[in-house]
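Below: the structure, in structure tokens.
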Amino acid sequence: MAFKVAEYKTDLHIDWCPGCGDFGITSALQQALAELEMEPHNVVLFSGIGCSGKFPHYIRAYGVHTLHGRPLPFAIGCKLANPHLTVIAIGGDGDGLGIGVGHFVNAGRRNVDITYIVANNGVYGLTKGQASPTLALGLKTKSLPKPNINQGINPLLLAFASGYTFIARTYSYDVRHQVETFKKGILHRGLAFIDVLQGCPTYNDLWTKDWYMGRDHIDPETGKPVPRLYRLEDTGYDPRIPPEGLPREAYEARVAQFVQKALEWGDRIPIGVFWKDESVSTYEDRIRATAPTYLDFPPALRPICDEDGRPLTDIRKFLDELRVTGP
Amino acid sequence: MQEPISWMIGGAQGSGVDTAANLFARACAFAGLHVFGAREYYSNIMGKHSYFQVRVHPERPIQAPCAAVHLLASFDAETPMKHFRSVVPDGGIIFDPKLLASTVDSPPNMERRYKQELHAYLTSRRRGLTLEDVLNDAADRGVRLFPVPYDDLFRRLGQKVGETEYAKLARTLNTMAVAVSLALFQFDIEYLDRAIEDQFKGRARIVEMNQIAARVAYEYIRETFPEPFPFRLTPVPVRQLRIYLQGTQAVALGKLLAGCTFQTYYPISPATDESVYLEAHENVPLFPNGQGPDKAPIVVVQTEDEIAAITMAIGAAIGGARASTATSGPGFCLMVEGLGWAGISEVPVVVTVYQRGGPSTGLPTRTEQGDLWFAIHHGHSEFPRVVLASGDHREMFYDAVRAFNYAERYQVPVIHLTDRYLANSTSTYPLFELDDVRIDRGLFLDDEALAARYADRTFQRYEFTESGLSPRSRPGQKYGIFWMTGDEHDELGHITEDVVLRDRMMEKRMSRLELIVRETPEAEKWTLWGEPDTDTLIVSWGSTKGVILEAMEEIARRTGRKLAFLQVRMLWPLDGERLAEILRRYARRIAVENNYSAQMAGLIRRETGIAIPHKIVKYNGRPMVVEEVIEAIQQVLQKNSPSSRTVLRHGI
């Protein structure tokens, strides 16, 4: 059965600014879901607050537009209630790495099998362009009255330190690359973090399409722009830790190369899959270790009463533990 | 009818006071006696003073603490120094004579203000400042002194079991204190044996050692105090099936019965115990259901903070599970934003709030009923919610089920209010009846119902209906795709700022409150206790139920005066109209509340226009005791003034 991208579109008018990177993210997500042949009713999107909060409304699947900084706990609750769903959390960098950063880090401890996409544009768009947690020190976008007084955090390193087992970066104006990256993240068994370099033409006049594509960076020989972005896939970089793990030295070498790539910014910016660790149990695995019927009867699907409303839960044994008198 | 026996044990936290109290209480419970236990402790792991009162009666259940103590068991100096004035004439104090020379300044954790007060008291009675002076003061009032040289008893025990290491023998200290107490009450040792077996289940050597220790203690009492202590505990043959449980267990069991399958929590006193119990009972037996296994888990997640706790629970509820969380005041503060989201999105979620002394960090291990206003008004702007308050452990169990039924039927957040005193107190009950319990999931559609209605038309999560309630679906269902947002929204769940839709959605949600008032049986809104033909009505809610009922009985017994008591159960929405009818029947109305402002009285005045001019309040972090409630009510009756405010201050 062919899944058309149109299946995943709603007919709502999209109110993002013309040229916004979120258009590309939306198209890519719709295409990825179609290529993965995921039924819309088995997919749930959770967004935060901001321009990026609108994503679920433009995609035909179950969609929940939550609170600022909170898409991850909502998404995790839903996924743990029904692990058979495909759950995707999506939000902005202001949402996920400032107010939401506590949840960002602690989600990594759990390694629940969901995908977290962050539209990273260096600003708070919907509130008109304040510096976000990823904007570098000293940068002055057109929306700021004076240069940024704070250093920017590195989301890839933060994700690694927190325990995310899939860490990738892609680019909002490259639909094909996003489709591939989103598919890999969704298929990854564990918590996937995808940093999307997203253009905000209205407020961030520094990290623009032109800048990413190196239009200020003309190669004297060819007369062509030298793009800042390059693909890790093209360099032979291997992000994968296999299920059985790696010997210590090999593992440490991988970590070292990850750190090097994660720190790379400026004239050369890598995109692609930076880290894919298949050796870590998911939170769902850990639940099953002590609750073997978890997948048969996850919280959302367990029948709790019969057709007359009589409880199906039998607490008599638990009450018996508390008994003090009687035969 | 005899009065209940009141036993108390105290000691430094970490020294096994709880274990001792549980041994005593369970021994009595096994013997067919009605038991009630109330615990007090500091926000501290080791060293500060904690104490546990157990009240026992052969015929009638007890549901309140009292000030009077018949037998105080101690093995440190601080306990008698703090509680000697609570012991009644003819009552007794068990103490370790090796501590007689300790001065009242010696307990390192005793509060400075209390030491000063004790100094002044002893000095005013021309006494010195040692434990011996304290005990002699009690003896002068007729209190019997029972010196128990624990070290000697350990030596005797050591000889019997062939153990010389003091540290090992000293671990039986709690059992000895309990055994000495039960021996004085002339209570059959077999019940203590059973309690010891139960407590140290599976550890045969420890059971044996403690049972022999108990015998050593009994022997000592028989030899040393031949004259019987005037208070006795006698077993009662009982056929009734009874349980003995703590408040947090009652809620946990209610949630399991209700079909709660997902609970989040952030550790906070006193709520944590509920979630830990659920974790320990993770795999829940199911009746044959024809759909799958006979066991399924409740998933319990310890979150990084209370914001994650509420949002994760809401996420699970969106997924289709009955989801809840449990917290106290400070945690509830952090949950308010999430609850507002659930309110506008019409997602059912249950929050159990165990109130404790506030504001802010307040009194983390002490009790209060200070969050009524907050529970009813939490969140900016306006959205419907239900607030329930339980009066005792049994109510906590059934209210936990009701909370989920209201949440899913009316698609609102439900706050189940209880408090620290109920959370930690224990009681015997007839086994909870399960046959009449029913689950109501409201308009939650199964796959067939969804397909039947929506195969050909679009499902609208916020469809306008006559009742204001829309059918619900969950992710994974083919025809149930919905959108949800914290923004104001249209029928599909997409954002709208349209004036007409906004008005209609606001009315859709807020009209729910009226619907709940209309549909809820009166028995679930309040209970009216006592005499209909009296001019005085006590009005209260929550954990004051036990102490008020006992005070009423005692006043009736002593003076013949009959009173009525309105215990409000559904705090919000409040049926003001019907409530006003009830209130108008009584010329005199007295509010009794464990908070500063008499919040319920204020709420009732606002909703009905009827004042409750007499207020008996308490906010020192301790639960009300029977004696001070009796005294306060009698003062109001005698003085007969148009209004009054009495502050209760008993507590240690």
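Once the Cβ-Cβ distance between B:Asp294 and A:Ser279 is put in as r, and R0 is 25 Å, what FRET efficiency do you end up with, to the nearest 0.05?
E between B:Asp294 and A:Ser279, to the nearest 0.05, is 0.15.
Helix B:329-345 versus the longest principal axis of chain B: what is the Cα-based angle in degrees, 0 to 90, to the nearest 10?
Helix B:329-345 sits at roughly 20 degrees to that axis.
Compute for chains B and A the buried accessible surface, both sides summed, probe 1.4 Å, and express it in Å² to the nearest 100.
Accessible area lost upon association: around 6400 Å².
Let's test this: bin the Cα-Cα distances of the range B:342-459 at 10 Å from zero up to the farthest pair and state each bin's percent.
Going out from 0 Å in 10 Å bins, the range B:342-459 shows 12, 33, 31, 16, 7, 2 percent.
Taking a threshold of 28 Å on the Cα-Cα distance, which of the pairs A:Lys9/A:Lys142; A:Lys4/A:Lys79; B:Lys48/B:Lys255; B:Lys255/B:Lys615; A:Lys54/A:Lys79; B:Lys295/B:Lys545 fall above it?
Among A:Lys9/A:Lys142; A:Lys4/A:Lys79; B:Lys48/B:Lys255; B:Lys255/B:Lys615; A:Lys54/A:Lys79; B:Lys295/B:Lys545, the Cα-Cα distance tops 28 Å for A:Lys9/A:Lys142; B:Lys48/B:Lys255; B:Lys255/B:Lys615; B:Lys295/B:Lys545.
Apply the a/c threshold of 1.5 to the C-alpha gyration tensor of the range A:207-327 and tell me whether it is rounded, prolate or oblate.
In terms of gyration-tensor shape, prolate.
From the helices alone, meaning DSSP H stretches of at least four residues, give me the mean residue ellipticity at 222 nm for chain B, per-run term -39500 (n - 2.57), in deg cm²/dmol to the nearest 500.
It lands at -12500 deg cm²/dmol.
If you roll a 1.4 Å probe over the range A:173-327 with all protein chains in place, what percent of the accessible area is carbon or sulfur?
Accessible surface attributable to carbon and sulfur in the range A:173-327 totals 52 percent.
Just from the alpha-carbon atoms, what are the Rg and Dmax of the protein assembly as shown in angstroms?
32.5, 112
Which of the GluC sites (Glu not before Pro) found in the range B:432-539 are in a DSSP loop and have at most 11 neighbouring Cβ atoms, other than their own, within 10 Å?
Within the range B:432-539, the qualifying GluC sites (Glu not before Pro) (loop, at most 11 other Cβ atoms within 10 Å) are B:Glu433, B:Glu466, B:Glu497.
Looking only at the range B:42-86, which residues have a backbone nitrogen under 20 Å from a spot 7 Å from the Cα of B:Thr234 in the C-beta direction?
Residues passing the 20 Å test: B:55-62, B:70-71.
Which cross-chain or sequence-distant (5 or more) residues have an amide H under 5 Å from the amide H of B:Val69, H modelled 1.01 Å from N in plane?
Under 5 Å from the amide H of B:Val69: B:Val87, B:Val88.
Taking the Cβ of A:Pro147 as the center, what net charge do the other residues with Cβ under 14 Å away carry, scoring Lys and Arg +1 and Asp and Glu -1?
So the surrounding residues net to +2.
Chain B: percent of C-alpha pairs farther apart than 50 Å?
Result for the distance tail: 18 percent.
Show me, for the range B:466-482, the HN-Hα J-couplings you get by feeding each phi into the Karplus relation (A = 6.51, B = -1.76, C = 1.60, θ = phi - 60°), rounded to Hz, glycine and proline as x.
5, 7, x, 9, 9, x, 10, 9, 9, x, x, 8, 4, 9, x, 3, 9
Amide H of A:Gly125: which non-local residues (sequence gap of 5 or more, or other chain) have their own amide H closer than 5 Å, using H built in the peptide plane?
So A:Gly125 has HN proximity to A:Cys51.
In a GNM of chain A with a 10 Å cut-off on Cα contacts, which of A:Arg268, A:Arg109, A:Arg248 has the highest mean-square fluctuation?
Maximum fluctuation in the GNM of chain A, among the listed residues, is at A:Arg248.
Enumerate the calculated ³J(HN,Hα) couplings along the range B:71-84 in order (Karplus 6.51 cos²θ - 1.76 cosθ + 1.60, θ = phi - 60°), each rounded to whole Hz, writing x wherever the residue is Gly or Pro.
Running phi through 6.51 cos²θ - 1.76 cosθ + 1.60 with θ = phi - 60° gives 9, 9, 9, 9, 9, 10, 8, 5, 4, x, 5, 8, 10, 4 Hz.
Post the alpha-carbon centroid distance, the range B:409-452 to the range B:331-366, in whole angstrom.
Cα centres, the range B:409-452 to the range B:331-366: 18 Å.
From zero up to wherever the largest Cα-Cα distance of the range B:522-608 sits, split into 5 Å bins and tell me the percent of pairs in each.
Using 5 Å bins, I get a P(r) of 3, 14, 27, 27, 18, 8, 3, 0 for the range B:522-608.
Can you work out ³J(HN,Hα) from phi for every residue in the range B:623-638, in order, using Karplus 6.51 cos²θ - 1.76 cosθ + 1.60 and θ = phi - 60°, giving whole Hz and x for Gly and Pro?
Couplings: x, 5, 9, 4, 4, 6, 6, 4, 4, 5, 5, 4, 4, 4, 5, 5 Hz.
What are the GluC sites (Glu not before Pro) within the range B:32-119 that DSSP puts in a loop, where the Cβ has at most 14 other Cβ atoms within 10 Å?
Of the GluC sites (Glu not before Pro), the ones in loops of the range B:32-119 whose Cβ has at most 14 other Cβ atoms within 10 Å are B:Glu59, B:Glu111.
Distance between the C-alpha centers of the range B:236-271 and the range B:461-488? Whole Å please.
Cα centroid to Cα centroid, the span is 33 Å.
Bins of 5 Å, beginning at zero and ending with the bin holding the largest distance: percent of Cα pairs per bin for the range A:135-191, please.
With a bin width of 5 Å, the distribution comes to 4, 16, 16, 15, 17, 14, 11, 6, 1.
Reachable aspartates and glutamates from A:Lys224, Cα under 18 Å, same-chain residues fewer than 8 places away excluded?
Reachable aspartates and glutamates: A:Asp210, A:Asp216, A:Asp267.
For B:Val539, which sequence-distant residues (separation of 5 or more, or a different chain) have an amide H within less than 5 Å of its own amide H, given hydrogens modelled in the peptide plane?
Residues meeting the criterion, in which the H sits 1.01 Å from N, are B:Leu566, B:Ile590, B:Ala591, B:Val592.
State to the nearest 20 debye the size of the charge dipole of the protein assembly as shown about its Cα centre, where the only charges are +1 on K and R beta carbons and -1 on D and E beta carbons.
Result for the protein assembly as shown is approximately 1760 debye, rounded to the nearest 20.
How big is the equivalent ellipsoid of chain A along its three axes, where each semi-axis is √(5λ) from the Cα gyration tensor, reported in whole Å from largest to smallest?
In descending order the semi-axes read 39, 23, 20 Å.
Using only alpha carbon pairs under 8 Å that are at least six residues apart, calculate the relative contact order of the range A:202-313 and give it in whole percent.
22
For B:Lys160, list the lysines whose Cα falls under 20 Å from its own Cα; do not include residues on the same chain fewer than 8 positions away.
Output for B:Lys160: B:Lys168.
Could you tell me how many degrees, from 0 to 90 and to the nearest 10, lie between the Cα long axis of helix B:599-608 and the main elongation axis, the longest principal axis, of the Cα atoms of chain B?
That helix lies at roughly 40 degrees to the long axis.
Does a label point 7 Å from the Cα of A:Leu36, set along Cα-to-beta-carbon, have any residues of the range A:100-129 with amide nitrogen under 12 Å, and which are they?
Residues passing the 12 Å test: A:113-117.
Could you work out how far the C-alpha centroid of the range A:1-65 sits from that of the range B:528-568, in angstrom?
First find each Cα centre; the distance between them is then 61 Å.
When the convex hull of the Cα atoms of the range B:252-358 is projected onto a plane and the area is averaged over all directions, what value comes out in nm²?
Hull-based average projected area comes out at 6.8 nm².
Angle between the Cα long axis of helix B:204-224 and the longest principal axis of chain B, 0 to 90 degrees, nearest 10?
50
When ligands, DNA and RNA are left out and all protein chains stay put, how many square angstrom of accessible area per residue does the protein assembly as shown have with a 1.4 Å probe?
38
For B:Glu132, tell me the accessible area in Å² from a 1.4 Å probe, rounded to the nearest 10.
My reading of the accessible area for B:Glu132 is about 90 Å².
The values are calculated or read from the model by the stated rules, or taken from the named source; none is laboratory data. A quick note: this is a predicted structure, and the numbers were derived from the prediction, not measured. Virtual Cβ from ideal backbone geometry, glycine too; neighbours counted across all protein chains shown. Ligands, DNA and RNA are stripped out before the accessible areas are found, and what is left, the full protein with its side chains, is counted by its heavy atoms. Shrake-Rupley method; radii C 1.70, N 1.55, O 1.52, S 1.80 Å.
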